[in-house]
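The values are calculated or read from the model by the stated rules, or taken from the named source; none is laboratory data. These numbers were taken from a predicted model, which means no experiment stands behind them. Please note: Cβ atoms are built from the backbone with ideal geometry, for glycine as well, and neighbour counts cover all protein chains shown.
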Amino acid sequence: MTKTQAVSFSRTGGPEVFDYVEIDLPPPSTGEVQIRQAAVGLNFIDVYFRNGTYKTPHLPFVTGKEGAGTVTSVGPGVLDFKVGDRVAYAGADGAYSAERNIETRHLVLVPDGIELETAAAMMLKGMTAEYLLNRTFKVGPQTVLLFHAAAGGVGLIAGQWAKALGATVIGTAGSEDKIGLALARGYDHVINYKSEDFVGRVREITGGKGVDVVYDSIGRDTFPQSLDCLKPRGLFASFGQSSGPIENFTLAALAQKGSLFATRPTLFTYIAARQELIDSAKALFDIVQSNKVRININQTYPLREVGQAHADLETRKTTGTTLLIP
């Protein structure tokens with residue numbers, strides 16, 4: 001048994017509930033490896049667990065879903081990973097730690113041309129962009145799409161990826177700086193949702209037709225307006241709720257607004273099968289190595305300052321990707 005540093009919470013609430021603690025780290029069990037983490041990704045799902053929107057399996061709880069590091073020991077029965085391997089993951093709770101044990105079913109090998117910090121910054125957000133653009137709705141040269149939070153971590157990856165697929169890419173953002181950032185990362189048009197009517201602007205940009213698909217991670221603040229941006233039989237893909245959950249959603253609204261489709265996808269469903277995880281990660285690694293998508297690490301915080309990182313994320317002070325460094 002060794003010791004390592006981690007961030008946990010024993011009650012839900014604001015960023016102040018975090019404790020930076022020393023925890024016991026046993027040897028890896030059957031099917032697990034132990035990794036020394038180079039970096040941990042910060043994601044809005046971490047906020048949802050911390051504030052109680054999503055229920056934790058137990059308390060105290062070490063949150064965090066994404067990281068990358070080096071394998072330092074291997075548990076019984078592990079054949080596909082060895083000490084020294086560079087690995088990354090998305091979807092395994094417990095990322096807010098300097099070292100950790102993790103089941104190998106969550107891991108992928110990081111290609112030599114990608115830094116571990118970059119891998120930690122892009123696994124959850126990048127594979128989210130992958131499934132949204134390739135599988136939730138098959139984006140191609142004929143696609144016109146709207147992506148909310150264009151200057152966020154997923155948004156900046158998705159804008160570049162959608163442009164590489166040939167789509168017309170419309171985004172929303174909340175400041176001139178964020179608009180400029182998104183325009184530099186693949187977006188053809190970016191609407192300031194604070195000062196403009198984004199529904200009216202989308203209609204104007206599309207000549208009144210609307211878009212094929214809206215990708216919405218904001219939730220309450222952009223609903224039901226997102227539905228009004230869609231062309232008949234368009235798809236509303238709600239994959240987050242940073243402003244709060246959508247309320248008063250009725251199926252009849254989909255009929256009234258043009259026989260629309262709606263889905264509430266999650267990354268963890270799309271990578272639940274081992275081969276789907278491998279394929280999604282490979283697609284992400286390939287497009288990053290092609291330089292068609294650049295990963296923006298715009299903020300880093302020491303792991304012990306995770307409370308400040310959460311506060312900045314929730315108040316929309318961050319752009320692109322944020323890393324926590326153990």
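Annotations
- Boolean, residue 262 is surrounded by 14 or more Cβ atoms within 10 Å (Cβ to Cβ), out of contact with any Lys or Arg (no Cβ under 6 Å at 6 or more places or on another chain), of a type in the set (Gly, Ala, Ser) and touching a residue at least 60 places away in the same chain (Cβ under 8 Å): no
- Qualifying positions in the stretch 134-149 - assigned to a helix (DSSP H, G or I) and under 18 Å from residue 231 (Cβ atoms): 136
- Whichever residue in the stretch 119-141 is in contact with a strand residue (DSSP E or B) (Cβ under 8 Å, 6 or more places away or on another chain) and not hydrophobic (A, V, I, L, M, F, W, C) and, among such residues, is modelled with the lowest pLDDT: 125
- Considering residues of the stretch 150-177 that are in contact with a Ser or Thr (Cβ under 6 Å, 6 or more places away or on another chain) and part of a helix (DSSP H, G or I) only, the residue surrounded by the most Cβ atoms within 10 Å (Cβ to Cβ): 153
- Once the stretch 93-118 is narrowed to residues that are touching a strand residue (DSSP E or B) at 6+ places or on another chain (Cβ under 6 Å) and assigned to a loop (DSSP other than H, G, I, E, B), the residue that is surrounded by the fewest Cβ atoms within 10 Å (Cβ to Cβ) is 94.
- Output for the stretch 24-42, where each listed residue is within 27 Å of the chain's Cα centre (by Cα) and either not assigned by TED's automatic domain parsing to the domain that holds residue 115 or not in a loop (DSSP other than H, G, I, E, B) (or both): 32, 33, 34, 35, 36, 37, 38, 39, 40, 41
- Among residues of the stretch 122-139 that are touching a residue at least 24 places away in the same chain (Cβ under 8 Å), those with a Cβ under 7 angstrom from a residue that is charged (D, E, K, R) and crowded, with 24+ Cβ neighbours inside 10 Å, sequence gap 6+ or separate chain, pair up as 123/66; 124/65; 124/66.
- Contact map, the stretch 196-208: residues that are assigned by TED's automatic domain parsing to the domain that holds residue 230 paired with residues that are part of a helix (DSSP H, G or I), Cβ distance under 7 Å, separation 6+ or inter-chain. Pairs shown: 198/225; 199/225; 199/228.
- Qualifying residue in the stretch 199-212 (condition: within 27 Å of residue 47 (Cβ to Cβ) and either surrounded by 19 or more Cβ atoms within 10 Å (Cβ to Cβ) or modelled with pLDDT of 95 or more (or both)): no
- Only strands (runs of 3 or more DSSP E) whose full extent lies in the stretch 232-326 are considered here, and the ones with at least 1 residues that are outside the structural domain of residue 177 (by TED's automatic domain parsing), under 16 Å from the mean Cα position of the chain (by Cα) and not hydrophobic (A, V, I, L, M, F, W, C) are 297-302, 321-325.
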